[in-house]
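Asks: Next up is a structure, given as structure tokens.
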2 protein chains.
Amino acid sequence: MIQLSEDQIVKVTGDVSSPKGFQAKGVHCGLRYSKKDLGVIISETPAVSAAVYTQSHFQAAPIKVTQDSLKHGPTLKAVIVNSAIANACTGEQGLKDAYTMRESFASQLGIEPELVAVSSTGVIGEHLDMEKIHAGIELLKETPAGSGDFEEAILTTDTVIKQTCYELAIGGKTVTIGGAAKGSGMIHPNMATMLGFVTTDAAIEEKALQKALREITDVSFNQITVDGETSTNDMVLVMANGCAENECLTEDHPDWPVFKKALLLTCEDLAKEIARDGEGATKLIEAQVQGAKNNLDANVIAKKIVGSNLVKTAVYGTDANWGRIIGAIGHSAAQVTAEEVEVYLGGQCLFKNNEPQPFSESIAKEYLEGDEITIVIKMAEGDGNGRAWGCDLTYDYIKINASYRT
Amino acid sequence: MIQLSEDQIVKVTGDVSSPKGFQAKGVHCGLRYSKKDLGVIISETPAVSAAVYTQSHFQAAPIKVTQDSLKHGPTLKAVIVNSAIANACTGEQGLKDAYTMRESFASQLGIEPELVAVSSTGVIGEHLDMEKIHAGIELLKETPAGSGDFEEAILTTDTVIKQTCYELAIGGKTVTIGGAAKGSGMIHPNMATMLGFVTTDAAIEEKALQKALREITDVSFNQITVDGETSTNDMVLVMANGCAENECLTEDHPDWPVFKKALLLTCEDLAKEIARDGEGATKLIEAQVQGAKNNLDANVIAKKIVGSNLVKTAVYGTDANWGRIIGAIGHSAAQVTAEEVEVYLGGQCLFKNNEPQPFSESIAKEYLEGDEITIVIKMAEGDGNGRAWGCDLTYDYIKINASYRT
């Protein structure tokens, strides 16, 4: 193992089971034809946990059950996740099923139900087949740990698994943070939801973790957009089990900033992977805004840019279309002085002094043919910075969303 | 002529030149290859006028010139409009050109420049060829009136002209309201902008007209979306020249409500035609929301529905996908009690009591194969009602926007 200095954060090969004391598993319980569809993360010891949930008015049953678990106390020993069926818009029976799922898995682990979180993703408006869930939980018991199986079990229309891992040192102890996520389209009967699961062996005080997760979510998962939609089931869960035996982290701890930075990097990696794997996407688009009135304004503008259908189609068409970027900035709610906005793409300035600037279309086109496109906006309103991530809008997005039921 | 009763509003065949004392013209001045590209509306007498403008931070030069004209006094005798070049993001020179365009046309009419409004639509970031504009203004002088020519001259990528006309009676006098508009995609270098021009021979007090236009715009032009974008050049202008010789309308006039209703119908017609003719669109989608907390909430929800890429692709794919409608409602900023939301499509209830309802997929599919789709949402939050209009999202939208410069 590399010796880490106190403010060093290293990206390593790893996943949600890399932090000490965690294991992850996944099985095929039959909700889908053949793909794994039921997964769990289990911590040896109770893990201080924090979660953020969808802002949709139609929150799915598992979200309510996880909220209930965390209301009983800030620790979890496990989370159980199924794909294929979102258990959203399923009324009283759906809520009962989500509680049963929690109960059943807790009973197998021999722990209180309130130490288990529940998460679902997939078709909305359909009920879980509880026989399959129970059989799947039985199967999990005899299934060896395998984080790749977990990562597969949580996917719906995603084309790739999404994982990341970082190491850092806290007071001489090595701390590991691992993450897994699923994304793709945002909401519809056949497939839905963005889920993020982060594990760490760091010892952390509960309130600091919840606060950090909220702040970090705002600049990572909340700054991505595939199609501007919010699912009924969106959730990000962080579990910190303390197995690294570091001195408990609080906001006042000297190593708190470096831990927070590592948690941010973990969430950013997952968020970007979700954007990159958006339905039909061929490119990741990052918008960077500098010099906005404040960070909030910068994030608003960045998200407007990556959320614009016209910017998304221009990137797909490798068209250095500064007018669409200006259009997106123009109707943002942020403070914008037109004369002070500068637009850069691949190092070239496309727009400045409220006029287009001469630039090489061929260099721009070559840049846009890559699979990671960064649009940089410089402003002179203040010192606010922000970023957002999205993907291009392609024929395949229309194909996936207009014809999958026909 | 039919004798109209006091509260009767009749839709008639007509356009912006139907109200007494108005004429409209259009010519080809050479900004485009062959299509007419310069048009004017002229009133015999000074017309009390009101306008609403784009909220974009990047307002085009002609918008600033029209604002200047209306700052000098609330009357106009003419508006001059060109397509092909938006004269937006064109710096000082662009502003100078827009003033020159106003001056030049005013001089031909022998009136003060401040009696002329200017409007442009088309490519942004490019300068007007002022020689062509001057030649076009010369040509207009000898060109006979023709409102069809005006309607053509204001179009960019629109596939059809957009016009409407209503008659009503005010104190025994017949009053006519005519309208023309252009829409299509919202903003990009090659084509942009939604413009609306409304003429009426009614005599109206200035403040009442401005207030009515603002209110009506909020529930008509501001409730349409093609791709969620706002142009640098958007403008709606109403000119009321009093040639009908009615008693001057004020907010206290007994016939004010019927006039306002007719103005609303005019704007709604134009707005719906813009939505129907959105880039690549094959269908008009209307969302009706009933029983929201208030009208504002109802309008917010309605616009979320017609603005959702997933709803738009579902309608294109004739898929009665209630989940996407729920998704759009779910992440609106409005007050929503999930258990009380009902979703109707073509007379069938798809969703109620937070659960999907049994419905005939084949009847729904048949309904969705039509070219006007209405989605009805019933809620129990209050007595707020609202509507919004959009179009489906198709392969052609991607084609138009991803490949037109290649």
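Asks: Scan region A:53-98 residue by residue and report those that are in contact with a Cys (Cβ under 8 Å, 6 or more places away or on another chain) and of a type in the set (Ser, Thr, Tyr).
Replies: Answer for region A:53-98, where residues must be in contact with a Cys (Cβ under 8 Å, 6 or more places away or on another chain) and of a type in the set (Ser, Thr, Tyr): there is none.
Asks: Within region B:366-406, can you find the residues that are open to solvent by 70 Å² or more (accessible area, probe 1.4 Å) and facing chain A (nearest Cβ under 9 Å)?
Replies: Within region B:366-406, B:Tyr395, B:Lys399, B:Arg405, B:Thr406 meet the criteria.
Asks: Could you check, for region A:32-45, whether at least one of its residues is in a strand (DSSP E or B) and touching a Lys or Arg at 6+ places or on another chain (Cβ under 6 Å)?
Replies: yes
Asks: Kindly establish whether A:Ala298 is touching a helix residue (DSSP H, G or I) at 6+ places or on another chain (Cβ under 6 Å), within 17 Å of A:Ala388 (Cβ to Cβ), open to solvent by less than 30 Å² (accessible area, probe 1.4 Å) and more than 11 Å from every other protein chain (Cβ to nearest Cβ).
Replies: On the way: touching a helix residue (DSSP H, G or I) at 6+ places or on another chain (Cβ under 6 Å): no; within 17 Å of A:Ala388 (Cβ to Cβ): yes; open to solvent by less than 30 Å² (accessible area, probe 1.4 Å): yes; more than 11 Å from every other protein chain (Cβ to nearest Cβ): yes.
Here the answer is no, as A:Ala298 does not meet what is asked.
Asks: More than 24 Å from the chain's Cα centre (by Cα) and in a strand (DSSP E or B): is that true of A:Thr174 in this structure?
Replies: Answer is yes for this residue.
Asks: Filter region B:322-337 down to the residues that are open to solvent by 10 Å² or more (accessible area, probe 1.4 Å) and facing chain A (nearest Cβ under 7 Å) and list them by number.
Replies: Answer for region B:322-337, where residues must be open to solvent by 10 Å² or more (accessible area, probe 1.4 Å) and facing chain A (nearest Cβ under 7 Å): B:His331, B:Val336.
Asks: Please work out which one of (1) within 29 Å of A:Ser308 (Cα to Cα); (2) free of Cβ contacts under 8 Å to residues at least 12 places away in the same chain is the condition B:Gln357 fails and give its number.
Replies: (1)
Asks: Taking A:Ala287, is it among the aliphatic types (A, V, I, L, M), surrounded by 23 or more Cβ atoms within 10 Å (Cβ to Cβ) and within 14 Å of chain B (Cβ to nearest Cβ)?
Replies: When the stated conditions are applied, A:Ala287 does not pass them.
Asks: Can you name the residue in region B:117-141 that is among the β-branched types (Val, Ile, Thr) and under 19 Å from A:Gly327 (Cβ atoms) and, of all such residues, is most open to solvent (accessible area, probe 1.4 Å)?
Replies: B:Val123
Asks: Among residues belonging to region A:190-224 that are surrounded by fewer than 24 Cβ atoms within 10 Å (Cβ to Cβ) and part of a loop (DSSP other than H, G, I, E, B), point out the one that is nearest to the other protein chains (Cβ to nearest Cβ).
Replies: A:Asn190
Asks: Could you check region B:301-321 and list, in sequence order, the residues that are facing chain A (nearest Cβ under 7 Å) and polar (S, T, N, Q)?
Replies: Hits for region B:301-321 are B:Ser308, B:Asn309, B:Thr313, B:Asn321.
Asks: Still on this structure: Which members of region B:1-59 meet the condition of being open to solvent by 20 Å² or more (accessible area, probe 1.4 Å), within 14 Å of chain A (Cβ to nearest Cβ) and out of contact with any strand residue (DSSP E or B) (no Cβ under 6 Å at 6 or more places or on another chain)?
Replies: Hits for region B:1-59 are B:Gln55, B:His57, B:Gln59.
Asks: In region B:353-363, what residues are surrounded by fewer than 20 Cβ atoms within 10 Å (Cβ to Cβ) and within 20 Å of B:Val315 (Cα to Cα)?
Replies: B:Gln357, B:Pro358, B:Phe359, B:Ser360, B:Glu361, B:Ser362, B:Ile363 - these are the residues of region B:353-363 that are surrounded by fewer than 20 Cβ atoms within 10 Å (Cβ to Cβ) and within 20 Å of B:Val315 (Cα to Cα).
Asks: Shifting gears a bit: Please work out which residue is surrounded by the most Cβ atoms within 10 Å (Cβ to Cβ), limiting yourself to region B:86-111 and to residues that are hydrophobic (A, V, I, L, M, F, W, C) and modelled with pLDDT of 95 or more.
Replies: Only one residue tops the list, namely B:Met101.
Asks: Can you name the residue in region A:338-352 that is farther than 22 Å from B:Ala60 by Cβ and out of contact with any strand residue (DSSP E or B) (no Cβ under 7 Å at 6 or more places or on another chain) and, of all such residues, is most open to solvent (accessible area, probe 1.4 Å)?
Replies: The residue in question is A:Gly347.
Asks: In region A:142-162, which residue that is open to solvent by 20 Å² or more (accessible area, probe 1.4 Å) and among the acidic types (Asp, Glu) is nearest to the chain's Cα centre (by Cα)?
Replies: The residue in question is A:Glu152.
Asks: Residues B:Gly91, B:Gly148: which one is farther than 22 Å from B:Arg32 by Cβ and assigned by TED's automatic domain parsing to the domain that holds B:Asp37? Steps first, answer last, please.
Replies: On the way: B:Gly148 fails: farther than 22 Å from B:Arg32 by Cβ.
Only one candidate passes the filter, namely B:Gly91.
Asks: While we're on this one: Regarding region A:276-283, can at least one residue be identified that is more than 14 Å from every other protein chain (Cβ to nearest Cβ), touching a helix residue (DSSP H, G or I) at 6+ places or on another chain (Cβ under 6 Å) and open to solvent by 30 Å² or more (accessible area, probe 1.4 Å)?
Replies: Among the residues of region A:276-283, not one is more than 14 Å from every other protein chain (Cβ to nearest Cβ), touching a helix residue (DSSP H, G or I) at 6+ places or on another chain (Cβ under 6 Å) and open to solvent by 30 Å² or more (accessible area, probe 1.4 Å), which makes the answer no.
Asks: Kindly list the number of the only condition in (1) at pLDDT 95 or above; (2) over 22 Å from B:Glu44 (Cβ atoms) that fails for B:Tyr166.
Replies: The failed condition is (2).
The values are calculated or read from the model by the stated rules, or taken from the named source; none is laboratory data. A quick note: this is a predicted structure, and the numbers were derived from the prediction, not measured. Cβ atoms come from the backbone with ideal geometry, glycine included; neighbour counts cover every protein chain shown. Ligands, DNA and RNA are stripped out before the accessible areas are found, and what is left, the full protein with its side chains, is counted by its heavy atoms. Shrake-Rupley method; radii C 1.70, N 1.55, O 1.52, S 1.80 Å.
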